[in-house]
């Protein structure tokens, strides 16, 4: 048994090294599977970043409308939305839960 081991020493060690590097290539902290997971996470974070950028731009626009130059149309829109305010003679339709009026 020991003689066979001595004769095939390089084959056995080579096999174990090959298996070790193969499993670490696929799995592990820096493996191929981990790389795919991290790329997927990166793409999701980029999409979320774009959504947040759009929200920030929208808020900056609304803030600019309310800061130095008051936009009367925007203020009118805010009052109508928040206080359900209407002028005399206007018809007001309120739809709840995406119900259609008949």
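Cβ-Cβ contacts under 8 Å between residues 6 or more apart (or on different chains), taken from a first residue in the range 27-38 that is in contact (Cβ under 8 Å) with a residue 24 or more places away in the chain and at positive phi to a second residue that is surrounded by 11 or more Cβ atoms within 10 Å (Cβ to Cβ) and in a helix (DSSP H, G or I), are absent.
Only a single item in (1) outside any loop (DSSP other than H, G, I, E, B); (2) surrounded by 11 or more Cβ atoms within 10 Å (Cβ to Cβ); (3) at pLDDT 75 or above is not met by residue 65, and it is number (3). Return yes or no: is residue 78 modelled with pLDDT under 85, in contact with a helix residue (DSSP H, G or I) (Cβ under 8 Å, 6 or more places away or on another chain) and part of a helix (DSSP H, G or I)? It is false that residue 78 is modelled with pLDDT under 85, in contact with a helix residue (DSSP H, G or I) (Cβ under 8 Å, 6 or more places away or on another chain) and part of a helix (DSSP H, G or I). Put simply, of 12, 33 the only residue that is modelled with pLDDT of 80 or more, over 25 Å from the mean Cα position of the chain (by Cα) and either exposed (fewer than 10 other Cβ atoms within 10 Å of the Cβ) or assigned to a helix (DSSP H, G or I) (or both) is 12. So for the range 36-50 (the condition being surrounded by 10 or more Cβ atoms within 10 Å (Cβ to Cβ) and modelled with pLDDT under 85), does at least one residue qualify? No, the conditions are met nowhere in the range 36-50.
The values are calculated or read from the model by the stated rules, or taken from the named source; none is laboratory data. Values in this document were obtained by computation on a predicted structure and should not be read as measured data. Here Cβ is always computed from backbone atoms with ideal geometry, including for glycine, and neighbour counts include all displayed protein chains.
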